[in-house]
Amino acid sequence: MTIAKMNARDLIIDLLLGLQGREISIKQIIIAAKLFEISENSIRVAVTRLSGDGVIEAIERGIYQFTVQSHEWANVMLNRKNRSEEHTSELQS
């Protein structure tokens, strides 16, 4: 079995999805990135690109969150995940 390596962009999006609308600091992202052997530079580049693409925004220096549009997308994704988990639980019962 081959396991795909996590990339910086996906890690940042996954962290923000997991936070369900709350913000995260660049320091926290970098700490998480070390677990996946992602360089600090790769994280900083991904943050800049995600910000430029309108996916995330800085609410303070070094503190990021999803933009309003991305919050809407994240809510759809989280609701889809929750419905899938409920369905799986029902099948196991």
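Along the Cα→Cβ direction, 7 angstrom out, place labels at L35 and R22. What is the inter-label distance in nm?
The answer from the label model is 1.4 nm.
If DNA, RNA and ligands are ignored and the probe is 1.4 Å, what is the ranking of T67, T48 by accessible area, most exposed first?
The most accessible residue leads, giving T48, T67.
The values are calculated or read from the model by the stated rules, or taken from the named source; none is laboratory data. Worth saying up front: this structure is predicted, and the values here are computed from it rather than measured. Ideal geometry is used to build each Cβ from the backbone, glycine not excepted, and the neighbour counts take in all protein chains shown. We work out accessible area using only protein heavy atoms, side chains counted, and drop any ligands, DNA or RNA first. Shrake-Rupley method; radii C 1.70, N 1.55, O 1.52, S 1.80 Å.
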